[in-house]
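Asks: Could you have a look at this structure, given as structure tokens, before my questions?
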Amino acid sequence: MSGLAEKKTKEYLDKINKVNKELNIFLHINENALLEARKVDEKVARTGKKGRLYGKVIAVKSAINVLGLIANCASLVLENYVSTFDATVIKKIKEGDGVIIGMTNCDEFCAGGSGENSVFGCAVNPSCPGRIPGGSSSGSAAAVAAGLCDMALGSDTGGSIRNPSSNCGVVGVKPSYGLVSRYGLIDLSMSLDQIGPIAGNVEDAALLLDVIKGKDERDTKTFAGKEIRLENLKDKKVKIGVLKIKGVDKRIQTLIDKKVAEVVKRYKWKMEEVSIKHIDLAVQTYYPLVYVEFFSATRRFDGRRYGYKIEEKCGEEVLRRILGGSEITKAEFEGRYYNKALEVKEIIKEELEKAFEEYDCIISPVVPSLPWKVGEGDKMKPEEMYAFDALTIPANLAEICAISIPAGKVKEEKEGIPIGLQIMAGKNEESMMLSIAREIEKI
Ligand code: GLN
């Protein structure tokens, strides 16, 4: 008789084998998943000890190294790159008795917000076929939404966990900067990137986060962080700041407003509209930082060490960032643009920190517009795409935590289009953020 890990892994593998051709969610399946699951079962039977992720099957974004699996970042540059080590988060998952089932589709090198920048084609949004799944962690959010795993890992530099979670109707967490080790993540922008969990509900996301978080000597920016604990907040005095920005689709804002009103009424929490003065500069601040850091990170893809020379094989968006980054860093500019962006990053960070002296959390939509129809992205200008990140980027700039939870659906398509609600909280305040999220999830 097979144990829980093997049984569940087999069920998911069968399902993936049936639907993946059509959904394009996994770029690679872990051929050893069943064997690894069996070993976990045997270990549990032998020792009588179950890790916290025992029985959980986990999908991983193709930008995170998993020993023996291909992590190609959905790019031809690294098409056949097989990881030679486990990222710290993967090590922790394995130590927690979780099983890695495969590597998921994403925007090439995590650069994008739709999923369409994958050179292997866009993953299907199972909750709203025909519309983009969002990105860049498109496959991870879609895998959870399609029921092809229990949980998934994504990475979030400017929204790449929250944005696809919103579009696919699942829960996604961007942890505070430094709470989760980035060791083994192929970086887009090392001062902003964070690995985080995607799951079907807040509790599962909290569990996975608690397992992967913590200080790691291989990532000097990490800190231990408080234990993740979900608290009952029904009778607590929670104060919500509601953030509204210009340019948000009315249907989305109405849905969020309705949800917040329900929450406040049910739990007798307080809410007030909050304004963050320079929030409208977030997108303009973020992209120069990403361009510069990405340009620098990609210098190792010179065709000698890993895969191909990046400029010769990458797609349009990746090339745009490399060329942009090389331009901004030209000696004659003396770091002017990068430094300016760093200054504004600091201002936005301070403004948000100030807001958290007053509010326990800040709620807003995750994305300002409905996910577009697959293919429409080709006709959009980069600035239009980048505008999609206006509400997610601030949390990365401020190094704080943020989550996307399903808020309902806009009745546009037959089954409606999923809309995510974002909750931001201060640095290292994951427990409170997740507790608030869980209370809202119940409504
Ligand atoms: N859409 C943003 C970008 O293209 C976010 C990407 C991310 O978080 N990895 O940079």
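Asks: Inside region 405-425, can you point out the residues that are in a loop (DSSP other than H, G, I, E, B) and open to solvent by 10 Å² or more (accessible area, probe 1.4 Å)? Let's see the steps before the verdict.
Replies: Narrowing region 405-425 to residues in a loop (DSSP other than H, G, I, E, B): 411-416.
Of everything in region 405-425, those that are in a loop (DSSP other than H, G, I, E, B) and open to solvent by 10 Å² or more (accessible area, probe 1.4 Å) turn out to be LYS411, GLU412, GLU413, LYS414, GLU415.
Asks: Identify, please: which residue in region 310-349 is in contact with a Phe, Trp or Tyr (Cβ under 7 Å, 6 or more places away or on another chain) and open to solvent by 40 Å² or more (accessible area, probe 1.4 Å) and is, among those, modelled with the lowest pLDDT? Talk me through it step by step, then tell me what you get.
Replies: Keep residues of region 310-349 that are in contact with a Phe, Trp or Tyr (Cβ under 7 Å, 6 or more places away or on another chain), which gives 310, 318, 321-322, 324-326, 328-329.
The next check asks that each one be open to solvent by 40 Å² or more (accessible area, probe 1.4 Å); those that pass are 326, 329.
On the way: SER326: 96, THR329: 91.
The selected residue is THR329.
Asks: Can ASP86 be described as open to solvent by 10 Å² or more (accessible area, probe 1.4 Å), away from the ligand (no atom under 16 Å from the Cβ) and within 22 Å of ALA199 (Cβ to Cβ)? First the steps, then the outcome.
Replies: On the way: open to solvent by 10 Å² or more (accessible area, probe 1.4 Å): yes; away from the ligand (no atom under 16 Å from the Cβ): yes; within 22 Å of ALA199 (Cβ to Cβ): yes.
Yes; evaluated as a whole, the condition is true for this residue.
Matching residues to (1) closer than 20 Å to ILE58 by Cβ; (2) surrounded by 24 or more Cβ atoms within 10 Å (Cβ to Cβ); (3) within 14 Å of the ligand (Cβ to nearest atom):
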residue: GLU108; (1), (2), (3): no, yes, yes
residue: ALA111; (1), (2), (3): no, yes, yes
residue: GLU116; (1), (2), (3): no, yes, yes
residue: VAL119; (1), (2), (3): no, no, no
residue: ASN125; (1), (2), (3): no, yes, no
residue: SER138; (1), (2), (3): yes, yes, yes
residue: ALA142; (1), (2), (3): yes, yes, no
residue: ALA145; (1), (2), (3): yes, yes, no
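Asks: Taking the stated definitions as given, is ALA395 within 16 Å of the ligand (Cβ to nearest atom), of a type in the set (Gly, Ala, Ser) and crowded, with 24+ Cβ neighbours inside 10 Å?
Replies: Details: within 16 Å of the ligand (Cβ to nearest atom): yes; of a type in the set (Gly, Ala, Ser): yes; crowded, with 24+ Cβ neighbours inside 10 Å: yes.
Considered against the rule, which asks whether it is within 16 Å of the ligand (Cβ to nearest atom), of a type in the set (Gly, Ala, Ser) and crowded, with 24+ Cβ neighbours inside 10 Å, ALA395 comes out as yes.
Asks: May I pose another question? Name every residue in region 109-148 that is in contact with a helix residue (DSSP H, G or I) (Cβ under 8 Å, 6 or more places away or on another chain) and at positive phi, in order of residue number. Steps first, please.
Replies: Taking region 109-148 first, the residues in contact with a helix residue (DSSP H, G or I) (Cβ under 8 Å, 6 or more places away or on another chain) are 109, 111-119, 122-128, 131-138, 140-142, 144-148.
Hits for region 109-148 are PHE109, GLY112, GLY115, GLY134, GLY147.
Asks: Still on this structure: Is there a residue being within 16 Å of the ligand (Cβ to nearest atom), in contact (Cβ under 8 Å) with a residue 24 or more places away in the chain, out of contact with any Lys or Arg (no Cβ under 6 Å at 6 or more places or on another chain) and assigned to a helix (DSSP H, G or I) anywhere in region 357-368?
Replies: Step one: list which residues in region 357-368 are within 16 Å of the ligand (Cβ to nearest atom), which gives 365-368.
From what is left, the residues that are in contact (Cβ under 8 Å) with a residue 24 or more places away in the chain are 365-368.
Restricting the remaining residues to those that are out of contact with any Lys or Arg (no Cβ under 6 Å at 6 or more places or on another chain) gives 365, 367-368.
When the remaining residues are screened for being assigned to a helix (DSSP H, G or I), the result is none.
For region 357-368, residues within 16 Å of the ligand (Cβ to nearest atom), in contact (Cβ under 8 Å) with a residue 24 or more places away in the chain, out of contact with any Lys or Arg (no Cβ under 6 Å at 6 or more places or on another chain) and assigned to a helix (DSSP H, G or I): absent.
Asks: Please count how many residues of region 147-169 are under 17 Å from PRO371 (Cα atoms), open to solvent by less than 10 Å² (accessible area, probe 1.4 Å) and either more than 9 Å from the ligand (Cβ to nearest atom) or in contact with a His (Cβ under 8 Å, 6 or more places away or on another chain) (or both).
Replies: Number satisfying all stated conditions: 5.
Asks: Taking region 185-209, which residues are open to solvent by 10 Å² or more (accessible area, probe 1.4 Å) and in a loop (DSSP other than H, G, I, E, B)? Please lay out each step first, then the result.
Replies: To start, the set of residues in region 185-209 that are open to solvent by 10 Å² or more (accessible area, probe 1.4 Å) comprises 185-187, 190-191, 200-201, 203-204, 207.
Correct list: ILE186, ASP187, MET190, SER191, GLY200, ASN201.
The values are calculated or read from the model by the stated rules, or taken from the named source; none is laboratory data. Source: prediction; values computed, not measured. All Cβ positions, even for glycine, are placed from backbone atoms using ideal geometry, and neighbour counts span all protein chains on display. Remember, those area values only see protein heavy atoms, side chains included, never the ligands or the DNA or RNA. Shrake-Rupley method; radii C 1.70, N 1.55, O 1.52, S 1.80 Å.
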